[in-house]
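The values are calculated or read from the model by the stated rules, or taken from the named source; none is laboratory data. Please read these numbers as outputs of a predicted model, since none were measured by experiment. Here the Cβ is made from the backbone with ideal geometry for all residues, glycine too, and neighbour counts use every protein chain on show.
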Amino acid sequence: MPRDNGASWDFEDVRDHYVRTLFGEEPSTVRWSDPERYLALGRAAVCEVFAATLGYWRWPDSGCDGALVLALRDLEPGAGWGLLDSDGRPKTPWFVMRRMSLPVAVLLAEDGLDGLRIDAVNDSENTVVGE
């Protein structure tokens, strides 16, 4: 598991933090009692955080002009950072990125004490009319 130099945590710890925060599950318990559920929760947590981050970066006032994908494809079979596995098949985050990168999108996000934030984004050349 990759680890930043000098850090006491690794990326598995970060993922488990989000499993605990988002789903109220204790990852260490689920890992041993139901390994398939542990893996599913981990994938779901990654997707939730990825979607929230990409959505935030698309807010008109975020100050961000895009995202850079570190690795499109895993170099070898097994867990990796790619959006595609080593055989070129899409992994779960691929579908999140595809959805969040549509040129026309409605973005929903919890905005703390301000409630729900709704942004309509149109990065296409066409005018979009809706009700």
Of the candidates 59, 94, the one satisfying the condition of being touching a residue at least 24 places away in the same chain (Cβ under 8 Å) and either out of contact with any helix residue (DSSP H, G or I) (no Cβ under 6 Å at 6 or more places or on another chain) or over 21 Å from residue 22 (Cα atoms) (or both) is 59
The stretch 1-42, residues that are outside any helix (DSSP H, G or I) and hydrophobic (A, V, I, L, M, F, W, C): 1, 7, 9
Name the pairs whose Cβ atoms lie under 9 Å apart, with the first residue in the stretch 108-131 and surrounded by 10 or more Cβ atoms within 10 Å (Cβ to Cβ), the second among the hydroxyl-bearing types (Ser, Thr, Tyr) and not in a loop (DSSP other than H, G, I, E, B), and 6 or more positions between them or separate chains? 109/56
May I ask you to list the residues in the stretch 93-116 that are outside any helix (DSSP H, G or I), among the charged types (D, E, K, R) and at pLDDT 90 or above? none
Which one of these does residue 86 not meet: (1) closer than 30 Å to residue 124 by Cβ; (2) exposed (fewer than 14 other Cβ atoms within 10 Å of the Cβ); (3) of a type outside the set (Val, Ile, Thr); (4) modelled with pLDDT of 90 or more? (1)
Which condition does residue 96 not pass, out of (1) of a type in the set (A, V, I, L, M); (2) closer than 11 Å to residue 51 by Cβ; (3) in contact with a strand residue (DSSP E or B) (Cβ under 9 Å, 6 or more places away or on another chain), if it passes all the others? (3)
(1) closer than 30 Å to residue 128 by Cα; (2) without any contact (Cβ under 8 Å) to a residue 40 or more places away in the chain; (3) in a helix (DSSP H, G or I); (4) of a type in the set (A, V, I, L, M): which one isn't true of residue 69, the others all being true? (3)
Residue in the stretch 44-76 that is farthest from residue 101 (Cα to Cα), counting only those that are surrounded by 14 or more Cβ atoms within 10 Å (Cβ to Cβ) and charged (D, E, K, R): 74
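Residue by residue, here is whether (1) at pLDDT below 90; (2) at positive phi; (3) in contact with a Phe, Trp or Tyr (Cβ under 6 Å, 6 or more places away or on another chain); (4) not charged (D, E, K, R) holds:
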residue: 30; (1), (2), (3), (4): no, no, yes, yes
residue: 35; (1), (2), (3), (4): no, no, no, yes
residue: 39; (1), (2), (3), (4): no, no, no, yes
residue: 44; (1), (2), (3), (4): no, no, no, yes
residue: 47; (1), (2), (3), (4): no, no, no, yes
residue: 63; (1), (2), (3), (4): yes, yes, no, yes
residue: 91; (1), (2), (3), (4): no, no, no, no
